[in-house]
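**Student:** The structure is given below, and queries will be raised subsequently.
The values are calculated or read from the model by the stated rules, or taken from the named source; none is laboratory data. Note that this is a predicted model, so its numbers are computed, not measured. Here the Cβ is made from the backbone with ideal geometry for all residues, glycine too, and neighbour counts use every protein chain on show. Note: accessible area is taken over every heavy atom of the protein model, side chains too, but ligands, DNA and RNA are not part of it. Shrake-Rupley method; radii C 1.70, N 1.55, O 1.52, S 1.80 Å.
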Amino acid sequence: MSYVDEVINQIKKENPSEPEFHQTVTEVLKSIEPAVLEKEEEYRRDALLERLTNPERQIKFRVPWVNDEGEVEVNTGYRVQFNSAIGPVKGGLRFHPSVNLGIIKFLGFEQIFKNSLTGLPIGGAKGGSNFDPKGKSDREVMTFCQNFMTELYKYINADRDVPAGDIGVGAREIGYLFGQYKKITGQFEGVLTGKGLTYGGSLARTEATGYGLLYFTDTLLKNEDISIKDKDIIVSGAGNVAIYAIEKAKQLGGNPITASDSTGWVYDPEGIDLKLLKEIKEVRRGRMYDYAAERPSAEYHEGKGVWTVDGDIALPCATQNEIDLNDAKALVDNDVIAVCEGANMPSTIDATNYFLDNDVLFGPAKAANAGGVAVSALEMTQNSERIHWTFEQVDDMLKNIMVNIFNNISNAADKYNKPKNFVVGANIHGFEQVADAMQSQGIV
Ligand code: NDP
């Protein structure tokens, strides 16, 4: 059995109830196998893959809090500090009822390679809670965030671990978390990113993941002499990533025609009305059916099905495993040209392989959505220097980072005789830098 297969089996055996974690470890290790083979003796001797797939530290804690009715509720909090070989660890916090340790480990493992791909000095981590902010009052969200931070603050600081937002954690939650950190520690430091502009946030952070996704997609298409102009774009999600992907897609001349949430999706052949979508999602915290009710050109569909829409480019921006093999087949039947992942691991392994086998240009999440964490790292730099860059400065840096990511992963794919396989390219390029740093630092 190969070294990679041994480690995959061991991970499955030692972490039996974590299917998403098995999925990402399998996907990453299988695709870096050619690079591992070149140094197999050394890596085996130093148990490099075993160390890479085991978090440096995982923290699980209870979060008791009192709701508006005066009742005590108890949620579970997590922080997995996966790998600090190339810098202080960094990765978002997710508040969603589906959160469990396996989900956080899958996200933290992915984050190691994504952060490495940005070329910036940040290690990988992830955290969150099974708390559901949906339907909670502002006061309840504040109380929960304060109690969550009352435990988490012991394990984080600006040079050690810098969390950010993710599903269910936006500007409001980051504000409450930061306030509580400052109150407990007495330190005003860049311990969280995605902060408000009046207290250390970076311009363009809100837009970064969605904009970065489009800079990546545009570069990928240009490399094939294809223009994004007038292309119909199928987008899933209607949160932070989806909204700013739609905004930049429109600025580049594309035509985003769908958006979705966990209740349903809309098809709007005239192009998504961004102002209306922002009003409904960012201001009213409403649902996609509210959008359809106010937009005559839009059709509303309950449940799943957005991938059956005929379009040129697909941008999954909602959640993990939202594209399965059947969805991939539907997209390929409709001659989709490119699929670039805004969400983390939105395609199952079968779906990813189907895209690659059918010559769809496929931009994997850890490369295509790295713009968010890249600008978060730029926020850390601004905090350390106590300066603010302009929107244009940050946006220019983001654009350069995304173009560099594409070039680096494309070169890595070529080097290992897998041209245009950006999954292999991204995993190998991300891995090589982390592996080198780990080997230099000894068995720790
Ligand atoms: P948001 O919470 O802002 O939005 C998530 C969107 O996806 C919402 O429209 C939500 O609908 C929908 N969604 C969530 N879970 C499900 C589900 N199980 N089924 C169907 N729809 C669902 O999150 P973000 O936009 O920040 O994140 C989206 C994805 O992008 C995640 O995978 C995240 O990890 C990834 N990501 C985010 C980054 C960032 O900077 N924000 C950076 C890199 C990756 P509803 O409101 O109904 O739940």
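**Student:** Along the positive direction of the dipole of the stretch 3-188 (beta-carbon charges: Lys, Arg +1; Asp, Glu -1; about the Cα centre), which of Leu48, Val36, Val99 reaches farthest?
**Tutor:** It is Val99.
**Student:** Ok, one more. Could you name the lysines whose alpha carbon sits less than 21 Å from that of Lys154, not counting residues in the same chain fewer than 8 places away?
**Tutor:** Straight-distance partners of Lys154: Lys60, Lys90, Lys105, Lys126, Lys182, Lys183, Lys195.
**Student:** Quick check on the chain: helices-only [θ] at 222 nm, where DSSP H runs of length 4 and up contribute -39,500 (n - 2.57) each and the sum goes over total residues. Nearest 500, please.
**Tutor:** -15000 deg cm²/dmol
**Student:** While we're here: In nm, to one decimal, how far is the Glu392 label point from the Asp310 one, both placed 7 Å along Cα→Cβ?
**Tutor:** 4.3
**Student:** Show me, for the stretch 310-323, the HN-Hα J-couplings you get by feeding each phi into the Karplus relation (A = 6.51, B = -1.76, C = 1.60, θ = phi - 60°), rounded to Hz, glycine and proline as x.
**Tutor:** With coefficients 6.51, -1.76 and 1.60, one gets 7, x, 8, 9, 10, 10, x, 10, 9, 7, 6, 6, 8, 10 Hz.
**Student:** While we're here: Starting from the Cα-Cα distance between Asn404 and Phe188, subtract it from 0.36 nm times their residue separation and give me the gain in nm to one decimal.
**Tutor:** Result: 74.5 nm gained on full extension.
**Student:** Using a 1.4 Å probe on the protein chains only, how many percent of the accessible area of the stretch 208-363 belongs to carbon and sulfur?
**Tutor:** Answer for the stretch 208-363 is 44 percent, counting heavy atoms of protein chains only.
**Student:** Tabulate in residue order the Karplus-calculated ³J(HN,Hα) for the stretch 339-346, using 6.51 cos²θ - 1.76 cosθ + 1.60 with θ = phi - 60°, rounded to whole Hz; enter x for Gly and Pro.
**Tutor:** 10, 10, 8, x, 6, 8, 6, x
**Student:** How much of the accessible area of the stretch 3-188, in percent, comes from carbon and sulfur atoms when a 1.4 Å probe is used?
**Tutor:** Ligands and nucleic acids excluded, carbon and sulfur reach 46 percent.
**Student:** Can you return the lysines within cross-link range of Lys248? Criterion is Cα-Cα under 19 Å, with same-chain partners fewer than 8 residues away left out.
**Tutor:** Partners within reach: Lys222, Lys229, Lys231, Lys275, Lys278, Lys281, Lys399.
**Student:** Here's something else I'd like to know. Membrane-span-like helices in the chain: DSSP H runs reaching 20 Å or more (Cα, own axis), mean Kyte hydropathy at least -1.0?
**Tutor:** Counting only whole DSSP H runs, the qualifying helices are 19-38, 101-117, 138-152, 171-185, 205-222, 371-385, 391-415, 422-440.
**Student:** In addition: Nearest 0.05, what FRET efficiency do Lys415 and Val74 give at R0 = 51 Å with Cβ-Cβ as r?
**Tutor:** 0.50
**Student:** Between Leu49, Leu101, Leu331, where does the largest GNM mean-square fluctuation fall for the chain, given springs only between Cα atoms within less than 10 Å?
**Tutor:** So, out of Leu49, Leu101, Leu331, the one fluctuating most is Leu49.
**Student:** When the chain is modelled as a GNM with alpha-carbon springs shorter than 10 Å, which of Glu40, Glu432, Glu224 fluctuates the most?
**Tutor:** Looking only at Glu40, Glu432, Glu224, the biggest GNM fluctuation is shown by Glu224.
**Student:** How would Lys329, Lys105 rank on accessible area, largest to smallest, probe 1.4 Å?
**Tutor:** Lys329, Lys105
**Student:** Whole number in Å², please: accessible area per residue of the chain, 1.4 Å probe, ligands, DNA and RNA not counted.
**Tutor:** 40
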